[in-house]
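Asker: Shown below is the structure under consideration.
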Amino acid sequence: MTETISARAVLLDMDGTLVDSTAVVERLWLAWAAPHGIDPARVLSVVHGRQGHQSMAIMLPERDHEINIRENAVMLANESKDVDGVVAIEGADVLLSALLPFPHAIVTSADVTLMNARMGQAGLTVPSLTVTAENVSASKPDPEGFLLGAKLLGVDPADCVVFEDSGAGIQAAHAAGMRVIGVGSHATSHEPTFHVDDLTQVAVVPTADGGFELTVR
């Protein structure tokens, strides 16, 4: 069954949505967590979709947050240098190319250095508009990043469609009043508006008025 979605803008998460960085994310975060004795399952249930300092605060709630900020800076630097195994989600290149004439942006919990490193490793072109960790005061699941993306594009949140994979990201998009296309098997449990296994199931269809629609199959 094919769904047709009207939209004026698209906001795209990066990790798990445009690029598959699962291997490096889990490798570095499990190494960080080991000295703290945090259960690996707990780590993997927390870290996806959030800024690192928030993940640390959730896992070590009694710790001074300034330590989290400092350690997150180290984590981001390590992640930017370690891109082994980072690949594009299938169909990401075609989707980004099809969106070029239309309002769209990346909204990611990564900083700009990490975003460029992973997108470059995956062979994907970074959109001209991005919202990264440097641009927001609150991490997903707070809707700030998506609302800022809509504002910068000059589009009402209700007219935006978000592509997301993580629970924190899908929650943030819903809180922003946006429809969500969940990407990948893990997205289904977080109640996205629509769901695809990968981005080959999405097409951008120009409309007669100069806009576009998304079809999902």
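Asker: Please report, in whole Å, how far the alpha carbons of region 5-62 spread along each principal axis, starting with the longest.
Answerer: Each principal axis gives a Cα extent; for region 5-62 these are 47, 25, 16 Å.
Asker: Students often get this wrong, so try it: which of (i) 0.99; (ii) 1.06; (iii) 0.94 is Cα Rg over 2.2 N^0.38 Å as calculated from the structure shown?
Answerer: Entry (i).
Asker: Gain in length, D209 to A73, computed as 0.36 nm per residue apart minus the alpha-carbon separation, to one decimal in nm?
Answerer: Extending this stretch completely gives an extra 44.4 nm.
Asker: So if each residue of separation counts as 0.36 nm, and I subtract the Cα-Cα distance between R63 and A138, what length gain in nm does that give?
Answerer: Between R63 and A138, full extension yields 25.1 nm more.
Asker: What FRET efficiency do you get for D84 and S45 if R0 is 25 Å and r is their Cβ-Cβ distance, rounded to the nearest 0.05? Show your work: numbers first, answer last.
Answerer: On the way: r = 24 Å, r/R0 = 0.96.
Taking R0 as 25 Å, the efficiency between D84 and S45 is 0.55.
Asker: Let me ask another. Under 5 Å between amide H atoms, partner at least 5 residues away or on a different chain: which partners does V180 have, H built in plane at 1.01 Å?
Answerer: Result for V180 returns V162, T193, F194.
Asker: According to the Cα gyration tensor, what semi-axes, each the square root of 5 times an eigenvalue, does the equivalent ellipsoid of region 87-202 have, listed from largest to smallest in whole Å? Write down the numbers at each step before the final one.
Answerer: Values: eigenvalues 70, 63, 42 Å².
Result for region 87-202: semi-axes of 19, 18, 14 Å.
Asker: Can I ask one more? For the chain, what is the percent of antiparallel DSSP beta bridges, rounded to the nearest 5?
Answerer: Details: 12 of 29 bridges.
The antiparallel fraction comes to roughly 40 percent.
Asker: Give the residues of region 174-195 whose amide nitrogen is closer than 15 Å to a point set 7 Å from the Cα of M1 in the direction of its Cβ.
Answerer: Once the point is set 7 Å along Cα→Cβ of M1, 193-195 turn out to lie under 15 Å by backbone N, inside region 174-195.
Asker: Let me ask another. To the nearest 0.05, what FRET efficiency results for F102 and E191 with a Förster distance of 35 Å applied to their C-beta separation?
Answerer: Plugging the Cβ-Cβ distance into 1/(1 + (r/R0)^6) gives 0.85.
Asker: So what are the ³J(HN,Hα) numbers for region 4-20, from phi and the Karplus equation (6.51, -1.76, 1.60; θ = phi - 60°), rounded to whole Hz, Gly and Pro as x?
Answerer: 10, 10, 7, 7, 10, 7, 10, 10, 10, 5, 9, 5, x, 10, 9, 10, 9
Asker: Same structure again: Just R63, R179, R118 to compare: in a GNM of the chain, with alpha carbon springs under 10 Å, which one fluctuates most?
Answerer: With Cα springs under 10 Å in the chain, the top fluctuation among R63, R179, R118 is at R63.
Where a number appears in this text, it was derived from the coordinates with a stated rule and is not lab data. Small disclaimer: the values here were computed from a predicted structure and weren't measured. Note: ideal-geometry Cβ built from the backbone for every residue, glycine included; neighbour counts use all protein chains shown.
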